[in-house]
Amino acid sequence: MNSSANSSAPDRPIAVIGGTGPAGTGLALRWARAGETVIIGSRDAIRAQQAASAIQQKLGGQANISGMENSEACAAADILMLTVPFEGQAALLKQLKPAITPGSILIDATVPLAASVGGRASRMLGVWQGSAAQQAAELVPKEVSVVAAFHNVSADRLNGDAPLDCDVIVCSDDPDAAQLTRELAARIPGVRAIDGGKLENARIIEQITALLIGLNIRHKGHAGIRITGLPPTAYR
Ligand SMILES: NC(=O)c1ccc[n+]([C@@H]2O[C@H](COP(=O)([O-])OP(=O)(O)OC[C@H]3O[C@@H](n4cnc5c(N)ncnc54)[C@H](OP(=O)(O)O)[C@@H]3O)[C@@H](O)[C@H]2O)c1
């Protein structure tokens with residue numbers, strides 16, 4: 001991780017790769033509202049700019065937000081938030097690899113849902129590496145730290161105005177990258193960030209999303225998770 005990355009630096013951009021979908025726009029909205037500099041990435045620069053304009057309008061013109069084609073967004077930031085469907089993750093990371101700056105961190109929220117291959121959204125695919133996040137770690141340059149986070153947050157809630165009622169479990173093999181991600185998660189009102197240990201634990205966090213989707217279908221809601229019983233120092 002680039003040691004200059006610091007959550008108190010408002011001009012340190014966060015590039016949301018695949019940021020035109022509900023998960024990406026929701027995170028971009030929350031971070032822009034918190035004063036972070038955000039770049040929406042898309043395969044299409046115009047689509048990215050339109051998504052950025054929509055958020056700018058929502059925030060009354062006060063946000064530091066722009067839109068770029070994904071590889072330009074990667075080149076312009078050293079914090080990358082990946083919000084693409086599992087079926088696009090590997091090919092996109094292979095394509096973006098040359099544009100990712102060594103020392104960057106890549107936060108991955110990809111859930112390998114069976115829906116990616118025509119199955120149910122409440123079922124998971126097996127991923128050879130163990131999880132989508134571990135697959136991402138194999139595909140980025142080796143000087144890039146991968147963090148798994150935000151899988152269990154409802155995009156519908158992220159795109160609203162109310163504080164969330166959800167914890168974000170953060171997993172990474174790089175403690176500094178994990179800490180920065182927990183700081184970014186905690187910038188979203190209502191979110192508590194929790195250290196979830198090594199990146200291999202992403203396989204469990206990703207699976208929880210399939211359960212939440214099933215609960216949402218059954219009960220018609222927007223479920224999130226809360227972890228109880230830890231000492232206050234465990235929550236950021
Ligand atoms: N939705 C949720 O509540 C939620 C919550 C937590 C985690 N997640 C996970 O976060 C990821 C994004 O979720 P989402 O609902 O926002 O997904 P989405 O709307 O299906 O896709 C997000 C964006 O990814 C880009 N994209 C789509 N297919 C692609 C491909 N084959 N290759 C490259 N880019 C592609 C598209 O942007 P462009 O066409 O503009 O490039 C799209 O707007 C998923 O892995 C999901 O499982 C979702």
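Any residue in region 207-224 that is open to solvent by less than 10 Å² (accessible area, probe 1.4 Å) and among the polar types (S, T, N, Q)?
no
Restricting to region 79-99, and then to whatever is open to solvent by 10 Å² or more (accessible area, probe 1.4 Å) and in contact with a strand residue (DSSP E or B) (Cβ under 9 Å, 6 or more places away or on another chain), can you tell me which residue is farthest from T37 (Cα to Cα)?
F86
Inside region 134-146, can you point out the residues that are surrounded by 22 or more Cβ atoms within 10 Å (Cβ to Cβ) and within 14 Å of the ligand (Cβ to nearest atom)?
Result: A136, single match.
Does E72 satisfy the condition of being touching a helix residue (DSSP H, G or I) at 6+ places or on another chain (Cβ under 9 Å), farther than 16 Å from D108 by Cβ, among the acidic types (D, E) and part of a helix (DSSP H, G or I)?
Against the criterion (touching a helix residue (DSSP H, G or I) at 6+ places or on another chain (Cβ under 9 Å), farther than 16 Å from D108 by Cβ, among the acidic types (D, E) and part of a helix (DSSP H, G or I)), E72 qualifies.
Looking only at region 33-52, which residues are assigned to a helix (DSSP H, G or I), away from the ligand (no atom under 11 Å from the Cβ) and either of a type in the set (V, I, T) or buried (at least 23 other Cβ atoms within 10 Å of the Cβ) (or both)?
A52, the sole residue that qualifies.
Any residue in region 16-27 that is part of a strand (DSSP E or B) sitting within a Cβ distance under 8 Å of a residue that is within 6 Å of the ligand (Cβ to nearest atom)? List the pairs, counting only those 6 or more apart or interchain.
Partner pairs satisfying both residue conditions: V16/G24; V16/T83; I17/G24; I17/T83; I17/V84; I17/L92.
With the requirement that a residue be touching a helix residue (DSSP H, G or I) at 6+ places or on another chain (Cβ under 7 Å) and either more than 14 Å from the ligand (Cβ to nearest atom) or not aliphatic (A, V, I, L, M) (or both), what does region 80-93 give you?
Residues satisfying the conditions are T83, P85, F86, E87, Q89.
From (1) within 13 Å of the ligand (Cβ to nearest atom); (2) farther than 13 Å from E206 by Cα; (3) over 18 Å from the mean Cα position of the chain (by Cα), pick out the condition that doesn't hold for L125.
Going through the list (1) within 13 Å of the ligand (Cβ to nearest atom); (2) farther than 13 Å from E206 by Cα; (3) over 18 Å from the mean Cα position of the chain (by Cα), L125 breaks only (2).
Name the helices (runs of 4 or more DSSP H) wholly inside region 139-232 in which the number of residues that are without any contact (Cβ under 8 Å) to a residue 24 or more places away in the chain is 1 or more.
Per the criteria, 175-186, 202-219.
The values are calculated or read from the model by the stated rules, or taken from the named source; none is laboratory data. On a predicted model such as this, the values are computed, not experimentally measured, just so you know. Here the Cβ is made from the backbone with ideal geometry for all residues, glycine too, and neighbour counts use every protein chain on show. Accessible surface is based on the protein model in full, side chains and every heavy atom, while ligands, DNA and RNA are left aside. Shrake-Rupley method; radii C 1.70, N 1.55, O 1.52, S 1.80 Å.
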